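Coordinate-derived values only; no laboratory data. All of these numbers come straight from a predicted model, not from anything done at the bench. When we count neighbours, we look across all protein chains shown, and the Cβ atoms used for this are built from the backbone with ideal geometry, even at glycine.
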Amino acid sequence: MELLQSIADSFNYWIYIILMMIGLYALVAKNNLVKKLIGMSIFQTAIILFYVSIGYKDGATIPILYEHQAHHGHHDAGHGDAEDAHHDVEHAVEEAAKEIHAVAEDHADGHDAHADDHDTLVDSHDAHTSSAIHAEDFANPLVHVLMLTAIVVGVATLGVGLAITQKLYGEFGSIEESEIIEQIRTGK
Amino acid sequence: MTEQAPIFILLFPFLTAVIVALVGLRHKSLSWPLTLVSLGASVCASLSTLAQVVEHGPIRYKLGGWSPPFGIEFHIDGLSALVAVTVSVVALLTAIYSKDNVDAETPDKSSQYYSLFLLLVSGLLGIVITGDAFNLYVMLEVAALTSYALIAMGNKRASLAAFKYLIMGTIGASFYLLGVGYLYIKTGSLNMLDIREILETAGLFNSPTILVAFILITVGVWIKMAFFPLHSWLPNCYAFAPTTSSNIMAPLVTKVMIYVMVRMVLTVFGPNYAFEILDWENIVVWLAVIAILAGSIGALAQKDLRKMLTFLIIAEVGYMVGGLWLADETGITGTIFHIISDAFMTLCVFLFAGIVFAKTGARDIYALEGMFKKMPLTMVGFLVGAFSLIGIPPTAGFFSKWYLVQGGINSGNWEYVVALLISSLINAVLFFRLIEIAYFGKKPAEGHDHHHGDDHAKVSEASFTMLLPLLSTAAILIVIGLYNKELVSVIQDFLSQFNLATSIR
Amino acid sequence: MKILGIITVIITGFLLLQAERDFPDWGDAASPASDNRLSQHYITETINETRVSNMVTAVLADYRGYDTMFETVVIFTAGIAIIGILRVYGPSTKLEHPEPTLDTEKPDLIIETTCRLLIPIIQLFALYVIAHGHYSPGGGFQGGVIFGAAFILLALARDLQTAQKWVPENRVLNLAAIGIFIYAGHGVLSLIFGENFLDYSILTKVLPGDAIDARYHSMLGVEIGVAFTVTAIMFSIYSNLASNGKMEEGI
Amino acid sequence: MIWIFDLIILVFLVITAIISLQVKDLLSAAMILGVYSFLMCLLWSGMGAVDVAFTEAAVGAGVSAVFLISTVLRTSRRSSD
């Protein structure tokens, strides 16, 4: 089982390459225009899979704070006495964040990043109180944002591609690339 | 207000695109003036930005008020400011020119056409001024989607060309995106300057991931700029697209992609990595030599005027890719200079081709017969553009080529110098053939006689909106040529930060 | 073409596999991408700087709001592009190659009734997704797509004409443009008040609360703008593709 | 145990991708692409990318499948490859 699991782990990076190659092959080699666009869809989704894989962390949860973590989620000006508590927590969070900053900067400076990794994790665990937000508990939100954009770009490109396909069908009566080229050649 | 100038470069065309899409449905006649006004404002903003950059050095404009690695920033140095000015000026000139063409070629859809035109310009400007690697991808897609549509609005053959372009363009953009992902997995940053800093401090230059990222980004951009073995989409696209579409895209799209390549090589990876650690100069320069020769020879074989010019674009792309990989300061100066001068000279000859097409309805080069008598002013504009492409002083083309040749000699890449001279010679042959046809009205061999007669009797000087941009472009070419020292000093200010080899490697 | 395809695939695949060995372990929290100040800042500071508990929404609409604006523009561009490519105005001309005839029967009673029940629920859900993007997955894009899908469902279940009565072509374009104006309007307002483009914190001058609240509220406004554009353009793309640009009858 | 599901989904992803490119009927190809998108969406939600998964479910499995199907019905259903 362990072996299987280790395969499954690196499998993710492999699968994205396999899917991408399937898509790329279809983009280059398929003759049917709609098939090419389907290949394009697969190709783009594979890249998105790669990005999402970057952001995944073992044991991490979705990048949304729960109610008890997000004391400031609902800002309510009416609660006077709650404000003080808020400030305390805010303070703690800031402290924690500063430390993470410091650690991260050390990291960027250090040449031997892998050697300190373990220490870093332990350090940040020790340093923070339980109410603080640990970066390693949440999946990386940045790649998710980037990939939302990529998905939208993908559907926009697909739409334009389909529109051109329909226009070509209206003009040539075919959606096979070789037939269209043949028509252009003989038509001249 | 001047510190907000960078955002106005982009904001005017972009917001006007939306307004045109909205207002143009009801009042078609408003589309063109609105386009002109917004592009004029954009030109002013980019000129003001250039003035600031020259005076105070690079500008970093924080969008949303977030400091750079967390938010997106505009990073505008001498290179981006120069290219931004070029893009906005070319766009303005093309927009002036477009009035008659758009009404004639896409009568029902002029509002959509202008909207897409402005979106293309804002996409290109966005690519030029952004300082964020992922944002560049988004702007790349804005520019790409509009180009597909602008090409597909042409005739029957344009649709197929547009589809091919869509496929190639998507592969190119996806490679770029993947390359950025590879950079991100190693550096954890998306800001260009930040990536560079992390690459240097963390000593990542030996990592295979960074190597693959470099290859993916370079190949992706090469596909988009139609570098020789990857050029197959370009000729049909630009030859069969509506006139205005090819007028805006031929000068700008490939040049902006070359800008992206220069930006990636110099700013993100650094010349140290691209030229010294990888040491691929010879391979890439040889590829460029092949591209130059293939483009020039391809152009010789064409009888269709616009198609001939598209092959010249492929040769010019070869000049610039080769010029960058000469890894010599003079050569890179020449590359950046050539981005600017080539944008204007390509615009000049494409505007001319558009006028010929609009006046005679013919595509092939024999349509030029007797043009000197019928449209003398147009021919003057064309002559300047042709001389610039050949490289005759005092036009801009001469000076940029001079720097490229100088760079080739300095770095000892004689094959590049020879290819450049051969290509200039071929350009001379091509254009003097055209001039001969136009001046002496040389009768072509049989088979072409359907072009003279009735068609030509009606041909007269082009209308004012067509002539003005052509002559202004010609004037700009000469002005750039005369003020080449000032331009080069701006470029060299920009290049001085990279410690490039100046004479002998 | 097949050989060319195989060669491309082999070269690219080989290249990508080369780098794969160098990647950090899958799911490693200490990989450079995750253990960087950038991603850590987003995770730990978002709640303090914006009061939004969904980090993705905060990064999307605020930290990288400029990206998102142009993402909306990509959608808008696609809509305009498809109208430009496909739309045929005026009476339908004889095509050289007739399109395939579709058997358009009378709408089925079961489908019609189900859709009448479903569409309001879908629309309500879409509004919830848009409005609740600060606390749960969702936001302008997802909500907009779902809202657009409700209209597409209407067009599929009845016919395109019925759906066109609700959202005629010009209104669709107006909605799309309004969406972008809402988004860019936030940016322009902050420019007018003297801050950088899209710096929401200066909007305290028109919004209640302090600077962080202004960010919080502006993000909602921005998401609504995105939703407008996406809804309109999704329906516009569908109606153009389904009617072959003639806007007469759908599939 | 979650990795077993991951593995199954990954294998299915490759299978659906290949089938949707090999099947000669374009309508089926469009449907199978929808399945592919939906599997992808499951995988991503497993990785904690809920927003991305949500968007993919709405866009990839929903709207783009509809776009593809409307184009297929407006053009030709048969494909030579």
Worksheet item: When chain C is treated as a GNM, springs tying every alpha-carbon pair under 10 Å, which of C:Asn54, C:Asn240, C:Asn36 comes out with the largest mean-square fluctuation?
Response: C:Asn36
Worksheet item: Anyone know which of C:Thr68, C:Thr114, C:Thr204 comes out most mobile in the 10 Å Cα GNM of chain C?
Response: C:Thr114
Item to complete: Would you give the gap between the C-alpha center of segment B:460-480 and the C-alpha center of segment B:114-148, rounded to a whole Å?
Response: 27 Å
Response to the item:
Under the rule rounded for a/c under 1.5, else prolate if a/b exceeds b/c, else oblate, using alpha carbon gyration tensor axes a ≥ b ≥ c, chain C is classed as oblate
Worksheet item: Shielding of B:66-78 by partners, i.e. mean partner chain Cβ atoms within 10 Å per residue?
Response: 4
Worksheet item: Can you list the residues, at least 5 places off or on another chain, whose amide H is less than 5 Å from the amide H of A:Phe138, using H built in the peptide plane?
Response: A:Thr61
Worksheet item: Roughly speaking, what is the centre-to-centre gap between segment C:192-251 and segment B:260-308 when only Cα atoms are used, to the nearest Å?
Response: 41 Å
Practice prompt. With a Förster radius of 60 Å, plug the Cβ-Cβ distance of B:Ser67 and B:Glu415 into 1/(1 + (r/R0)^6) and report the FRET value to the nearest 0.05.
Written response: 0.80
Fill in: Phi to ³J(HN,Hα) by Karplus 6.51 cos²θ - 1.76 cosθ + 1.60 over segment A:143-154, Hz, x for Gly, Pro
5, 5, 4, 4, 6, 4, 4, 5, 4, 5, 4, x
Worksheet item: When Lys and Arg each count +1 and Asp and Glu each count -1, what net charge do the other residues less than 12 Å away from B:Gln302, Cβ to Cβ, add up to?
Response: +3
Practice prompt. Using the Karplus curve 6.51 cos²θ - 1.76 cosθ + 1.60 with θ = phi - 60°, work out ³J(HN,Hα) for each residue of segment B:461-474 in order, rounded to whole Hz, and write x for Gly and Pro.
Written response: 4, 5, 6, 4, 5, 8, 6, 4, x, 4, 5, 5, 4, 4
Worksheet item: With each label point set 7 Å from Cα along the Cα-Cβ vector, what nm distance links B:Thr2 and C:Gln18?
Response: 4.8 nm
Worksheet entry | Extension gain from B:Ile297 to B:Glu55, taking 0.36 nm per residue of separation minus the Cα-Cα distance | 82.7 nm
Response to the item:
When B:Ser245, B:Ser110, B:Ser463 are ranked with the fewest other C-beta atoms within 10 Å first, the list becomes B:Ser463, B:Ser110, B:Ser245
Worksheet item: Rounded to the nearest 0.05, what FRET efficiency do A:Thr61 and B:Phe432 have when you use their Cβ-Cβ distance and R0 = 51 Å?
Response: 0.10
Worksheet item: Expressed in nm to one decimal, what extension gain is obtained for the pair C:Met1 and C:Trp166 from 0.36 nm per residue of sequence separation less their Cα-Cα distance?
Response: 54.7 nm
Worksheet entry | Estimated distance in nm for a label pair at B:Cys44 and B:Lys373, the labels positioned 7 Å out from Cα along Cα-to-Cβ | 4.7 nm
Response to the item:
Full extension between B:Gln492 and B:Asp108 adds, at 0.36 nm per residue less the Cα distance, a length in nm of 133.5 nm
Worksheet item: Other chains' Cβ within 10 Å of B:106-112 residues: what's the mean?
Response: 4
Worksheet entry | Packing-based ranking, highest mean first, of C:125-136, C:71-82, B:480-491 given that Cβ atoms within 10 Å are counted | C:71-82, C:125-136, B:480-491
Worksheet entry | Ranking of B:Ile314, A:Ile181 by count of other Cβ atoms within 10 Å, fewest first | A:Ile181, B:Ile314
Worksheet item: In degrees from 0 to 90, rounded to the nearest 10, what is the angle of the helix B:396-411 Cα long axis to the longest principal axis of chain B?
Response: 40 degrees
Worksheet item: So what's the gap between the Cα centers of segment C:1-72 and segment B:56-97, to the nearest angstrom?
Response: 25 Å
Worksheet item: What average number of partner chain Cβ atoms lie no more than 10 Å from the Cβ of the residues making up B:182-195?
Response: 6
Fill in: Protection proxy ranking of C:1-11, B:397-407, C:15-25 - average other beta-carbon atoms within 10 Å, highest first
B:397-407, C:15-25, C:1-11
Worksheet item: Amide H neighbours of B:Asp364 under 5 Å, counting only residues 5+ apart in sequence or on other chains, H built in-plane at 1.01 Å?
Response: B:Leu305
Worksheet item: How do B:Cys44, D:Cys41 rank when sorted from fewest to most other Cβ atoms within 10 Å of their own Cβ?
Response: B:Cys44, D:Cys41
Item to complete: Give the residues of segment D:39-81 whose amide nitrogen is closer than 13 Å to a point set 7 Å from the Cα of D:Leu27 in the direction of its Cβ.
Response: D:69-79
Worksheet item: By per-residue mean of other Cβ atoms within 10 Å, what is the highest-first order of B:72-83, D:49-60?
Response: D:49-60, B:72-83
Item to complete: Please get the size of the charge dipole for the protein assembly as shown, origin at its Cα centre, with Cβ charges of +1 on Lys and Arg and -1 on Asp and Glu, quoted in debye to the nearest 20.
Response: 5520 debye
Discussion item. Can you work out the Karplus-derived ³J(HN,Hα) for every residue in segment B:385-393? Use 6.51 cos²θ - 1.76 cosθ + 1.60 with θ = phi - 60°, whole Hz, and x for glycine or proline.
Written reply: x, 5, 4, 5, 5, 6, x, 9, x
